Amino acid sequence: MERADLVGELTAPVCDSPRVGGPARRAPALHPNSRSLGVFVSNPFKNALLGRPTPPHAPARGSGRAIAALAASAAAAMLMTGCGGGEGEGSEKSGGKRSSQGQPAAAAKLPQATTYADLREIPQDTAPFAGSDGTVVHPTVPTPVSASPGGPAVATLPVTQLGGPTWVPVVETRPGWQRVLLPSRPNRATGWIPAGGGLQKARSSHVVKVDLSARRLTILDAGRTAGTWSVAVGAAKTPTPTGRTFMLASLAPAKKTYSPLILPVGAHSATLDTFGGGPGTVAFHGWPTKSVFGRAVTHGCVRVPADALKRLARVPLGTPVLITD
C-alpha cells in the first residue's frame with residue numbers, strides 16, 4: 001500500500017485523499033445532516049464545486065449565471081461545514097405549521113436520505129446484484145420515503161444531493177409506488193416513494209460495472225461496451241463494498257492535483273465509519289500514478305485512469321453501478 005493510502009486517498013467523496021487526517025474505525029455515527037464529506041471535501045478538496053449542474057438525461061435549466069451561483073453556494077456550504085456551521089442538505093427552516101418548501105412541519109423533521117444519513121428503519125435491497133431497466137427519477141419537491149408501499153414516511157428524499165440534483169434508480173414498482181436505491185447507510189438501503197406527481201422520470205442507457213477480483217471497470221451503453229479499464233480497488237482491510245449502487249454526484253475539486261473530478265456513488269465503506277471527518281462515501285476518482293491500477297490498495301474508492309474518468313463523467317446521475325467480487 002502506498003504511503004498516501006495510509007492517510008487517505010481523496011478527501012472528497014470517499015476514502016481516498018493524500019495528506020488528510022486518517023480514517024476512523026467504528027466511530028460514532030455522524031448526524032444525518034452533517035455536510036462534511038471528509039474524503040470528498042476536506043483538505044485539499046474542501047472547496048469542491050459541482051462538476052455538472054444536471055445529469056445528461058436532465059434538461060439544463062437557467063442561465064450560466066444561475067449555474068455559477070449554484071456552484072458558489074455549494075462551495076460556501078462546504079466551507080461552512082469546516083467551521084461547524086450550516087444546516088443539513090436539503091433542509092429548510094420551518095415556519096409555523098409548514099416548512100418554507102410547503103411541506104408539513106412533521107415531514108421537515110424526518111431524516112434526509114443523503115450520503116450523510118444512517119437510516120436503520122429502511123429495508124435493504126433484496127436483489128443487490130440484479131440488473132434494472134435504467135429507469136431513474138428526480139424528486140422536484142422533497143419526497144417522503146417509506147419502508148413499505150403505503151407505509152408511514154420514515155425519511156425524506158431531498159431535491160439535491162451534494163449541491164446537484166437528486167437522481168435515484170428505480171428497482172421495483174407497485175401500483176402507485178416505486179422502490180428506489182438510496183445513498184444512505186446502511187449499504188444497499190432502499191425505500192418506497194409515491195409514483196405520482198413531483199417526480200421527473202428518465203431512463204439511463206448506461207450501466208457501470210466494477211469487477212473487484214479482476215480489478216476492472218467496464219462501462220456499458222445500450223448494452224454495448226463503451227470502455228473497459230484496469231483500476232485500483234479497496235485493500236483487504238478496507239474493501240470496496242459490493243452490490244448495486246448508483247452514480248450520486250459529480251464534484252470538481254478546486255485543486256486538481258490528484259483528480260480533476262470526484263464521482264461519488266451511493267455506497268459507503270463497510271469498515272470505516274468516518275474518513276477525514278466525513279461519512280466514508282465511496283467514489284470513482286483519478287490518481288496521479290499509474291502503478292496503482294490493477295491493485296487492491298485503496299480505502300474503498302475506485303481509482304481510475306484519466307480516460308476512464310472522462311468517460312464516467314458522461315454517465316448520467318442515477319445510473320446503476322454494479323460492484324461484484
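Looking at segment 161-265, the strands (runs of 3 or more DSSP E) lying wholly inside it that each contain 2 or more residues that are of a type in the set (Ser, Thr, Tyr) and out of contact with any His (no Cβ under 8 Å at 6 or more places or on another chain) sit at 224-230.
Yes/no per residue for (1) of a type outside the set (A, V, I, L, M); (2) under 18 Å from Gly164 (Cβ atoms):
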{"position": "Leu212", "(1), (2)": "no, no"}
{"position": "Arg215", "(1), (2)": "yes, no"}
{"position": "Pro239", "(1), (2)": "yes, no"}
{"position": "Leu261", "(1), (2)": "no, yes"}
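Could you tell me whether any residue of segment 308-316 is more than 27 Å from Asp118 (Cβ to Cβ) and in contact with a Gly (Cβ under 6 Å, 6 or more places away or on another chain)? Looking for residues that are more than 27 Å from Asp118 (Cβ to Cβ) and in contact with a Gly (Cβ under 6 Å, 6 or more places away or on another chain), one finds at least one in segment 308-316, hence yes. Residue count for segment 235-285 under the criterion of being more than 22 Å from Ser213 (Cβ to Cβ) and over 12 Å from the mean Cα position of the chain (by Cα): the result is 16. Is it the case, given these coordinates, that Trp177 is open to solvent by 20 Å² or more (accessible area, probe 1.4 Å), under 22 Å from Phe293 (Cα atoms) and aromatic (Phe, Trp, Tyr)? Judged against the criteria, Trp177 is not a match. Considering segment 224-243, and only residues there that are of a type in the set (A, V, I, L, M) and either open to solvent by less than 50 Å² (accessible area, probe 1.4 Å) or modelled with pLDDT under 95 (or both), the residue that is nearest to Pro305 (Cα to Cα) turns out to be Val231. No other residue among Val292, Val265, Val231, Val282 is in contact (Cβ under 8 Å) with a residue 40 or more places away in the chain and touching an Asp or Glu at 6+ places or on another chain (Cβ under 8 Å) apart from Val292.
The values are calculated or read from the model by the stated rules, or taken from the named source; none is laboratory data. Bear in mind that the values here come from a model prediction, so they are computed numbers and not experimental data. With ideal geometry, Cβ positions are generated from the backbone for all residues, glycine too; neighbour counts draw on all protein chains shown. These area figures cover heavy atoms from the full protein model, side chains too; ligands, DNA and RNA do not enter into them. Shrake-Rupley method; radii C 1.70, N 1.55, O 1.52, S 1.80 Å.
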